[in-house]
Amino acid sequence: MHSTAWDLSWTLLLASLALLLATWAGWLDWRLRRIPNWLTVPALGAGLAANTVAWGWPGTKAALEGAGLGLALLLPFVLLRGLGAGDWKLMGALGAWLGPSRLIVVLLGTVFIAGAMATVQMIRHGRVKETLYHVGVRW
């Protein structure tokens, strides 16, 4: 049985590594306009391995659930070409590091930030009226 200090240490380590992964992927996406497979695929395996080492079978299960949840929730957006495959694979890898419950928090935060960025861009480019028209607001 692990102590609370053990659990907290591993949780902080895994969350820190997930943040490092997200930052690195964001930088690559900004610079190259893509998130490469050489980052996302090994990151998924490393998240699975790290959770297995930290918590055994329950960690393995949480990592697989997190990865599956991230991939399943975002697949429709990839198929509709609203999201790139690199972003999709990154969310699967982050799910492997964070598990399903923490991944949901990250996804909700990401949606909020993306919405705020889109709103700023809409206002900055003077397309408020046009955008509202396209989403069905008519006056």
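Before moving on, here are some points about what is shown:
- Among the criteria (1) surrounded by 11 or more Cβ atoms within 10 Å (Cβ to Cβ); (2) assigned to a helix (DSSP H, G or I); (3) free of Cβ contacts under 8 Å to residues at least 24 places away in the same chain, the one Glu65 does not fulfil is (3).
- Matching residues in region 65-124 - criterion: being of a type in the set (Lys, Arg) and within 29 Å of Val135 (Cα to Cα): Arg81, Lys89, Arg124
- Which listed residue is modelled with pLDDT of 95 or more, hydroxyl-bearing (Ser, Thr, Tyr) and assigned to a helix (DSSP H, G or I), from Thr60, Thr119, Thr110: Thr60
- Selection count, region 69-105, where residues are in contact (Cβ under 8 Å) with a residue 24 or more places away in the chain, assigned to a helix (DSSP H, G or I), within 15 Å of Thr40 (Cβ to Cβ) and out of contact with any Phe, Trp or Tyr (no Cβ under 7 Å at 6 or more places or on another chain): 13
- Given (1) farther than 19 Å from Leu19 by Cα; (2) modelled with pLDDT of 95 or more, index of the condition Ala46 fails: (1)
- For region 1-40, residues that are within 17 Å of the chain's Cα centre (by Cα) and small (Gly, Ala, Ser) total 6.
The values are calculated or read from the model by the stated rules, or taken from the named source; none is laboratory data. Note that this is a predicted model, so its numbers are computed, not measured. Reconstructed Cβ throughout: ideal geometry from the backbone, glycine too, with neighbour counts over all protein chains shown.
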